[in-house]
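Okay, structure first, notes after.
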Amino acid sequence: MRPLSARTAGFTDSIIRRMTRISNKYGAINLSQGFPDFDPPKEITDRLAEIAPSGPHQYAVTWGAQNFREALAKKQSHFTGLPIDPDKNIVVTCGSTEAMMAAMMTVVNPGDKVAIFSPFYENYTADTILTGAEPVYIPLIPPTFGFDANLLEDAFKGGAKALVLCNPSNPCGKVFTLEELQTIADIIIRYDGYVITDEVYEHIVYAPHKHVYISTLPGMWERTISCSSLSKTYSITGWRLGYVIAPERIIDRVKKVHDFLTVGAAAPLMEAATVGLCFPDSYYDGLQAHYTHMKQLFCGGLRQFGLDFTEPQGAYYVMLDVSKYDVKDDLRFCEWLAEHVGVGAVPGSCFFKERPQVGASAGMDVHNLIRFHFAKRDETLNAALDRLSELNSKAKGYR
């Protein structure tokens, strides 16, 4: 038989989602795949129950129900200070996963190059390859996860057309400073490029750090395709409601790509989630306080046990250094951790793709890092910490 697609021949399954299956297999507490174990806001689920009998149950407008887009435009205009038009600047997608794919297909052609900060969420490489483009990786160096502006500029000198910017960053929890974003913006403008953002953690930021939308910097609205979702902000990861915000010239193309990718997002879920988009500022203050509590609880436990980690500035992930356990294969270590310690994690190597000499010069081996997430109830985190308290003693038998 004729061979299948060469473009996808190197794909594996998602390591993150695989670790959920491994956690389930061993009855481990799943701190791998990043979804909460607490309920969404009651106002949203109550609204879903109200509309269940009557709908809407049929297709909404392809690029999103009118009331949903109007509420989203009002919310994002409030937080960004930009005059976002619900009809000209928004496409509602099936999660931020589709938003990123639609943005990538809108901006790049086969043979183009796309710059990606590393570590990165694993979908970014897949998105780039599926569009026929070539990923170029720019390392974020632990423990601060700063970047070398010269390397970023080299990527654009070498033909990169766009940069994928996850801010706050999954997996390392970095929040890019205004100065760093201005450096990025200067390079993008200098080389006539684009930025495709992933801002799903925009409201999960820990003081004193602040999230700045790069689209608000001078000259960047025209060059930014902002992708995000409701998944993390409203604890509805299974609803798959995402969106793209961009200038009309770009959104007109995104609408067409989205139409042929998925047709449209789920009509009843948009109707229910519109309630959340209308929440007052106090909701987002409470969300930040809630996640700050979870971070302090989990990181405090790790610190008490003498475990080495990088405390996040935003998002809800912790990168743990396991080098003292003589780890050579981080995937095998995570499987061992799920089976023998009872906690699920993600091997750090699936987030990194930089050149070996860069990692070596920073004293870093990406196979010595694993990722936990802490979007869990107190009782779940305390149970996970109770198990992790035995990691140092149990790891003596790991080989």
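The values are calculated or read from the model by the stated rules, or taken from the named source; none is laboratory data. Worth saying up front: this structure is predicted, and the values here are computed from it rather than measured. With ideal geometry, Cβ positions are generated from the backbone for all residues, glycine too; neighbour counts draw on all protein chains shown. Ligands, DNA and RNA are excluded from the accessible area calculation, which covers all protein heavy atoms including side chains. Shrake-Rupley method; radii C 1.70, N 1.55, O 1.52, S 1.80 Å.
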Placing one identical point scatterer on every Cα of the chain and ignoring solvent, what is log10 I(q)/I(0) from the Debye formula at q = 0.10, 0.15 Å⁻¹? -0.67, -1.49
Over the stretch 1-64 - Rg/Rh using Cα atoms and the Kirkwood inverse-distance radius: 1.19
Once you keep just the Cα pairs under 8 angstrom separated by 6 or more residues, what percentage relative contact order results for the stretch 230-291? 27
Please identify which residues in the stretch 255-273 have an amide N closer than 19 Å to a label point set 7 Å out from the Cα of Asn67, following the Cα→Cβ vector. 265-273
Excluding ligands, DNA and RNA, the carbon-plus-sulfur percentage of the accessible area of the stretch 227-365 with a 1.4 Å probe reads 50
For the stretch 55-196, max minus min Cα coordinate along each principal axis, in Å, sorted largest first? 51, 33, 28
Short to long, in 5 Å steps from zero, the percent of alpha-carbon pairs of the stretch 137-264 per bin is 2, 10, 18, 22, 20, 15, 9, 4, 0
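Relative contact order (percent) for the chain, with alpha-carbon contacts under 8 angstrom and 6 or more residues of separation?
25
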Rg and Dmax [Cα atoms of the stretch 240-399; Å; Rg one decimal, Dmax integer]: 20.5, 59
Mean Cα-pair separation over length for the stretch 1-145, i.e. relative contact order, pairs under 8 Å, 6 or more apart, %: 18
Taking max minus min of the Cα coordinates of the stretch 229-298 on each principal axis, largest first, gives extents in Å of 45, 26, 25
Using a Förster distance of 30 angstrom, determine the FRET efficiency expected from the C-beta separation of Glu390 and His293, and round it to 0.05. 0.75
What Kirkwood Rh does the stretch 276-355 have if only Cα atoms enter the pairwise 1/r average? Answer in Å. 15.0
